[in-house]
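Undergrad: The structure follows.
The values are calculated or read from the model by the stated rules, or taken from the named source; none is laboratory data. All of these numbers come straight from a predicted model, not from anything done at the bench. Please note: Cβ atoms are built from the backbone with ideal geometry, for glycine as well, and neighbour counts cover all protein chains shown.
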Amino acid sequence: MYRTLQQMLLARLQTILLTRYDVTVSQLAVEQPPSIALGEMALPIAFELAKRLRKAPRVIAQELQQALTAELAHLPGIASFEIAGAGYLNVRLDRALLVERMARDEHADLGGPGFRLIEHTSINPNKAAHIGHLRNAILGDTFARLLRKDGYKSGWEIGVQNYIDNTGVQVADVVVGFTHLLGLSLSGVQQLLSELLETNQLIDFYCWDLYARVSQWYVEPGLSAAELASRKQIRLETLHALEVGGNDTAAIADLVSTAVLRRHLETMQRLGIEYDFLPRESEILTLHFWDAARTLMIKRGVLYQETEGKNRDCWVMRRAGSESAMETGPDEEAKVIVRSNGTVTYVGKDIAYHLWKFGLLPGKDFFYEKFHEYPDRTCWASTGSAAANDASHPVFAKADAIYNVIDSSQADPQNNVIAALRGMGYSSAADGYTHFSYEKVALTPRCAVELGYTISVEDQARPFIEVSGRKGLGVKADDLLDRLIAGAKAEVDARHPELEEPERIHIAGQIAVGALRYFMLRFNRNTILAFDFRDALSFEGETGPYVQYAIVRASNIFRKAETSESEALARLPGSAELSALLNIEEGNSVWETWLAASRLSLLMEQTISSAEPAFLTKYVFQLAQQFNTFYHRHHILTEQDSTRRALLLATAAVARREMVRALGYLGIEAPAVM
């Protein structure tokens with residue numbers, strides 16, 4: 001609701017600026033006054049215009065105050081305008097009207113036309129998902145929830161993709177483990193997978209250990225230079241076999257990577273994370289996406305073959321500002337796209353893939369097959385078989401905007417793709433390409449010790465301990481979630497022994513998922529995150545359980561009052577009574593709770609525009625804090641005045657409603673009890 005009033009006010013102010021001063025301001029700032037006593041919005045526009053209009057800010061503020069006051073009849077929900085300080089224009093809202101409209105659930109919409117594609121998770125299918133992968137997946141899933149159409153907003157048409165690199169070096173490494181360390185053939189691998197399934201052993205956990213063994217095998221101490229070179233050659237030959245396809249080595253890779261991928265989907269579904277499409281690198285190769293991209297890049301003048309210098313015989317991409325490189329000698333800074341031996345670099349394949357995403361790759365698309373069924377949607381996967389293609393598949397190659405959730409170390413490859421798009425003349429696609437970057441996840445020293453790792457005295461003093469899947473030092477996602485659930489269940493068992501075991505397990509799962517997702521989202525995504533069990537599960541401070549507990553506290557009010565959230569909002573007092581209760585000093589804490597609840601759509605808009613979910617986590621935490629302050633200040637259930645009691649119940653109801661909504665966009669459920 002706050003955003004509705006803000007949009008209305010800014011539109012009217014733009015009109016006044018244009019007609020009165022012949023001025024257009026691209027973006028009008030709105031601030032919050034330091035105290036509710038000064039109003040609900042503060043406009044610093046007079047300071048921005050002072051130099052252009054050659055007037056003192058306070059003079060401009062006075063002129064705007066007069067103009068806006070004359071327009072109050074066209075600004076329902078705004079009560080008055082006041083000048084503060086050297087030229088701030090403060091805005092007071094009509095408290096009773098805003099409360100009435102919020103009780104009816106009026107709010108500004110979010111959404112628009114076009115297809116937005118979010119790609120996240122993208123775990124190499126060679127071992128179990130770990131804690132670092134979870135930050136990627138939770139960031140991406142939260143952003144998808146914010147964009148997707150639902151009952152609260154129009155949203156956008158979206159597609160959620162999880163890119164599967166099933167022909168890369170990490171998959172090749174685990175295949176080397178099966179074929180050379182374990183000495184298994186294709187049939188042997190098939191038999192092993194069956195045995196693991198029959199004995200309830202997880203293939204991704206099995207590969208976790210095998211991958212660590214292979215990594216050590218490549219550099220095993222005591223080997224001669226010739227033996228080390230031989231093992232390196234095995235790795236290269238295996239990787240080549242995967243890229244070529246049509247052989248037993250590639251078949252083993254497909255068996256193992258598909259089995260691991262299914263486990264990844266199970267792990268992510270425990271956190272409420274789902275996908276629409278799983279494009280596999282094997283199909284990008286076999287369906288010759290790169291060939292089409294190469295032709296297009298040459299035609300568009302961004303790809304050429306170097307004839308001299310360090311990149312001789314390589315196909316390279318011009319960088320911005322290097323159009324004349326061929327006339328003045330070799331461009332040593334050009335990006336290599338195809339090596340001199342004919343192999344395509346990661347960036348080359350990525351350019352082809354993103355041209356497809358935007359629908360810009362002529363004559364190319366995947367074949368599609370159903371891979372996994374969620375309760376309300378199908379997850380599709382690419383296939384190289386035209387015969388297996390399911391014609392009922394959705395269209396994914398039509399993005400107007402792309403959000404790639406990839407860690408910050410991949411900034412250069414991402415920038416190269418954007419440069420290629422822009423160089424080919426696809427400026428709108430380049431503008432619509434967002435690298436949704438994030439920093440790595442580590443462990444606090446305390447958490448590392450709790451997990452059983454031995455760390456040095458020096459490491460104990462560090463702010464975080466880095467993890468490494470290659471070295472086998474890390475936290476599997478399922479293990480992490482299991483430990484969080486166990487910790488939450490111990491608390492639930494102690495507080496609610498009267499509940500049946502299945503219900504306590506369910507509640508513990510909600511608390512654990514809430515703790516994990518909130519912890520992964522609360523920090524700025526470009527900040528290194530040091531995970532800690534105790535901090536995440538705490539019922540105090542900025543945590544998921546803190547907000548969940550505030551919601552449970554509100555629910556308890558309605559249970560004891562023998563009413564519901566919807567009934568409380570429907571029984572809101574009338575306008576005159578609301579004004580009398582809200583426009584006094586005693587009503588400020590009640591009004592502040594409604595005002596905080598009114599800002600959800602504004603914070604969602606800011607979260608989307610900045611691609612920073614931490615804004616939303618901060619908001620819902622502050623709303624929970626405000627509700628708790630309200631709760632402790634007012635004795636709702638023992639209030640004797642029926643009108644005041646009705647307002648207090650409605651206040652608890654609106655706070656609970658918006659906290660539940662905000663947590664829902666973070667992928668967090670509200671438990672029945674805690």
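Undergrad: Just one of the numbered conditions (1) in the same structural domain as Asp209 (by TED's automatic domain parsing); (2) buried (at least 22 other Cβ atoms within 10 Å of the Cβ); (3) outside any helix (DSSP H, G or I) is not true of Leu184; which one?
TA: For Leu184, the exception is condition (2).
Undergrad: Another one. Quick one: Ala50 ticks every box in (1) within 37 Å of the chain's Cα centre (by Cα); (2) among the small types (Gly, Ala, Ser); (3) part of a helix (DSSP H, G or I) except a single one, so which number is it?
TA: Here Ala50 meets the rest and fails (1).
Undergrad: From the list Leu196, Leu223, which residue is free of Cβ contacts under 8 Å to residues at least 60 places away in the same chain, surrounded by fewer than 19 Cβ atoms within 10 Å (Cβ to Cβ) and assigned to a helix (DSSP H, G or I)?
TA: Going through Leu196, Leu223 in turn, just one is free of Cβ contacts under 8 Å to residues at least 60 places away in the same chain, surrounded by fewer than 19 Cβ atoms within 10 Å (Cβ to Cβ) and assigned to a helix (DSSP H, G or I): Leu196.
Undergrad: Can you name the residue in segment 36-53 that is among the charged types (D, E, K, R) and farther than 26 Å from Trp591 by Cα and, of all such residues, is surrounded by the most Cβ atoms within 10 Å (Cβ to Cβ)?
TA: Applying the filter and picking the extreme gives Glu48.
Undergrad: I need every pair where a residue in segment 393-417 that is of a type in the set (Ser, Thr, Tyr) has its Cβ under 6 Å from the Cβ of a residue that is surrounded by fewer than 20 Cβ atoms within 10 Å (Cβ to Cβ), sequence separation at least 6 or different chains.
TA: Tyr403/Thr434; Ser408/Ser437; Ser408/Glu439
Undergrad: Being within 30 Å of Leu210 (Cβ to Cβ), surrounded by 18 or more Cβ atoms within 10 Å (Cβ to Cβ) and among the hydrophobic types (A, V, I, L, M, F, W, C) narrows it down to one of Val417, Val475, Val449, Val492, so name that one.
TA: Val475
Undergrad: I've got another one for you. Mind telling me which of the residues Arg101, Arg145, Arg135 ends up being part of a helix (DSSP H, G or I) and closer than 30 Å to Leu68 by Cβ?
TA: Going through Arg101, Arg145, Arg135 in turn, just one is part of a helix (DSSP H, G or I) and closer than 30 Å to Leu68 by Cβ: Arg101.
Undergrad: Based on what the data block shows, is Ala386 closer than 26 Å to Gly246 by Cβ and not in a strand (DSSP E or B)?
TA: yes
Undergrad: Would you point out the residue of segment 586-610, among those that are touching a helix residue (DSSP H, G or I) at 6+ places or on another chain (Cβ under 9 Å) and either among the charged types (D, E, K, R) or at pLDDT below 95 (or both), that is farthest from Ser35 (Cα to Cα)?
TA: Applying the filter and picking the extreme gives Glu605.
Undergrad: Which condition from (1) surrounded by 15 or more Cβ atoms within 10 Å (Cβ to Cβ); (2) small (Gly, Ala, Ser); (3) assigned to a helix (DSSP H, G or I) is the one that Ala486 breaks?
TA: Every condition holds for Ala486 apart from (1).
Undergrad: Among (1) crowded, with 24+ Cβ neighbours inside 10 Å; (2) under 29 Å from Val395 (Cβ atoms); (3) not small (Gly, Ala, Ser), there is one condition Leu134 misses while meeting the rest; what is its number?
TA: Every condition holds for Leu134 apart from (2).
Undergrad: From Thr617, Thr593, grab the single residue that is under 21 Å from Glu669 (Cβ atoms), in contact with a Phe, Trp or Tyr (Cβ under 8 Å, 6 or more places away or on another chain) and of a type in the set (Ser, Thr, Tyr).
TA: Checking each option against the conditions leaves just Thr617.
Undergrad: So which of Ile203, Ile158 ends up being among the β-branched types (Val, Ile, Thr) and over 30 Å from Val395 (Cβ atoms)?
TA: Ile203
Undergrad: Can I ask one more? Which residue is nearest to Val347 (Cα to Cα), if the candidates are limited to segment 296-305 and must be part of a helix (DSSP H, G or I) and in contact (Cβ under 8 Å) with a residue 12 or more places away in the chain?
TA: Met297
Undergrad: Which one is farthest from Leu72 (Cα to Cα) among residues in segment 9-38 that are touching a strand residue (DSSP E or B) at 6+ places or on another chain (Cβ under 8 Å) and not in a loop (DSSP other than H, G, I, E, B)?
TA: Glu31
Undergrad: If you go through segment 79-117 one residue at a time, how many are among the β-branched types (Val, Ile, Thr) and either over 35 Å from the mean Cα position of the chain (by Cα) or closer than 30 Å to Ala401 by Cα (or both)?
TA: The total comes to 1.
Undergrad: Can you name every residue in segment 608-641 that is free of Cβ contacts under 8 Å to residues at least 12 places away in the same chain and not in a helix (DSSP H, G or I)?
TA: His635, Thr638, Glu639, Gln640, Asp641
Conditions tested, residue by residue: (1) at pLDDT 90 or above; (2) touching a strand residue (DSSP E or B) at 6+ places or on another chain (Cβ under 9 Å); (3) among the small types (Gly, Ala, Ser).
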residue: Asp291; (1), (2), (3): yes, no, no
residue: Arg294; (1), (2), (3): yes, yes, no
residue: Val302; (1), (2), (3): yes, yes, no
residue: Ser322; (1), (2), (3): no, no, yes
residue: Met326; (1), (2), (3): no, yes, no
residue: Ala334; (1), (2), (3): no, yes, yes
residue: Ile337; (1), (2), (3): yes, yes, no
residue: Val344; (1), (2), (3): no, yes, no
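Undergrad: Hey, another quick one. How many residues does segment 452-467 hold that are outside any loop (DSSP other than H, G, I, E, B), surrounded by 12 or more Cβ atoms within 10 Å (Cβ to Cβ) and hydrophobic (A, V, I, L, M, F, W, C)?
TA: So the answer is 1.
Undergrad: In addition: What residue, among those in segment 377-387 that are aliphatic (A, V, I, L, M) and modelled with pLDDT under 95, is surrounded by the fewest Cβ atoms within 10 Å (Cβ to Cβ)?
TA: Ala387
Per-residue answers, yes or no, for (1) surrounded by 17 or more Cβ atoms within 10 Å (Cβ to Cβ); (2) over 30 Å from Glu658 (Cβ atoms):
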| site | (1), (2) |
| --- | --- |
| Gln7 | no, no |
| Thr19 | no, yes |
| Asp22 | no, yes |
| Leu28 | no, no |
| Pro34 | no, no |
| Ala70 | no, yes |
| Phe81 | yes, no |
| Leu93 | yes, no |
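Undergrad: So, one more: From the list Thr454, Thr527, Thr434, pick out the single residue that is of a type in the set (Ser, Thr, Tyr), over 30 Å from Arg116 (Cα atoms) and out of contact with any Cys (no Cβ under 9 Å at 6 or more places or on another chain).
TA: Thr454
Undergrad: Go through segment 494-522 and report how many residues are farther than 13 Å from Ala536 by Cβ, part of a helix (DSSP H, G or I) and out of contact with any helix residue (DSSP H, G or I) (no Cβ under 6 Å at 6 or more places or on another chain).
TA: Count: 8.
Undergrad: Let me ask something else. Answer yes or no: is there a residue in segment 58-73 that is touching a residue at least 60 places away in the same chain (Cβ under 8 Å) and not in a strand (DSSP E or B).
TA: No, there is no match, as no residue in segment 58-73 is touching a residue at least 60 places away in the same chain (Cβ under 8 Å) and not in a strand (DSSP E or B).
Undergrad: Then there is this: Considering only segment 540-562, how many residues are assigned to a loop (DSSP other than H, G, I, E, B) and crowded, with 16+ Cβ neighbours inside 10 Å?
TA: Residues meeting the conditions: 2.
Undergrad: Of the residues Asp209, Asp165, only one is surrounded by fewer than 18 Cβ atoms within 10 Å (Cβ to Cβ), under 28 Å from Ala137 (Cα atoms) and in contact (Cβ under 8 Å) with a residue 40 or more places away in the chain; which?
TA: Exactly one residue qualifies, and that residue is Asp209.
Undergrad: If a residue has to be under 18 Å from Pro125 (Cβ atoms) and at pLDDT 90 or above to count, how many in segment 233-252 make the cut?
TA: 9
Undergrad: Another question, then. Return only the number of the condition from (1) modelled with pLDDT of 95 or more; (2) in contact with a strand residue (DSSP E or B) (Cβ under 7 Å, 6 or more places away or on another chain); (3) closer than 19 Å to Trp290 by Cβ that Asn416 does not satisfy.
TA: Here Asn416 meets the rest and fails (1).
Undergrad: When you scan segment 97-109, how many residues do you find that are farther than 30 Å from Arg58 by Cα and either surrounded by fewer than 21 Cβ atoms within 10 Å (Cβ to Cβ) or of a type in the set (Gly, Ala, Ser) (or both)?
TA: Adding up the residues that qualify gives 8.
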